[in-house]
Amino acid sequence: HHLHNEVIVYNSATLAGQNVPITKPAFFQQAYIFSKDFYLRTGNYSLLESLVIDYLDGKPLDVKMLNLLVKDFINWTAFDQFYFIPIIILMIKKTLKLL
């Protein structure tokens, strides 16, 4: 088996009444770290991408959604954990006013 032949299933969350993936794989669709949707601001975001956009826009972060990310990271690939966990830690620090 080669990894590219495997199907990786991601958990989903309800955000603004829509069912969205908690994350999209890092480097999905040959984009850097996040999906093309994130960089083009299409609105078709994963939960993680949505929270990062709120963070970048200076909006308050939804603590329940941040907690959902923390609970779900154990299901992610090591590759996604490597790239996404530091981002989540940064958002947690901001939410806890440690930055």
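The values are calculated or read from the model by the stated rules, or taken from the named source; none is laboratory data. Small disclaimer: the values here were computed from a predicted structure and weren't measured. Here Cβ is always computed from backbone atoms with ideal geometry, including for glycine, and neighbour counts include all displayed protein chains. All accessible areas refer to the heavy atoms of the entire protein, side chains included, with ligands and DNA or RNA removed. Shrake-Rupley method; radii C 1.70, N 1.55, O 1.52, S 1.80 Å.
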Exercise. Which value, in Å², gives the accessible area per residue of the chain when a 1.4 Å probe is used on the protein heavy atoms?
Worked result: 67 Å²
For this session: Return the tail of the calculated pair distribution for the chain, meaning the percent of Cα-Cα pairs more than 17 Å apart.
Result: 50 percent
Exercise. What is the magnitude of the charge dipole of the range 39-91 about its Cα centre, with +1 placed on the Cβ of each Lys and Arg, -1 on the Cβ of each Asp and Glu, and no other charges, expressed in debye to the nearest 20?
Worked result: 60 debye
Exercise. Given H placed 1.01 Å from N in the peptide plane, which residues other than close sequence neighbours of ALA13 have an amide H under 5 Å from its amide H?
Worked result: VAL20, ILE22
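What longest region of the chain stays clear of trypsin sites (Lys or Arg not before Pro) that DSSP places outside H, G, I, E and B and that have at most 12 other Cβ atoms within 10 Å? Don't jump to the answer; show the numbers that get you there.
Details: sites that count: ARG41, LYS97.
Answer - 42-96.
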For this session: Please give the helix 63-72 orientation as an angle from the longest Cα principal axis of the chain, in degrees from 0 to 90, rounded to the nearest 10.
Result: 30 degrees
Seminar exercise, completed: Subtracting the Cα-Cα distance of PHE27 and LEU40 from 0.36 nm times their residue separation yields 3.2 nm
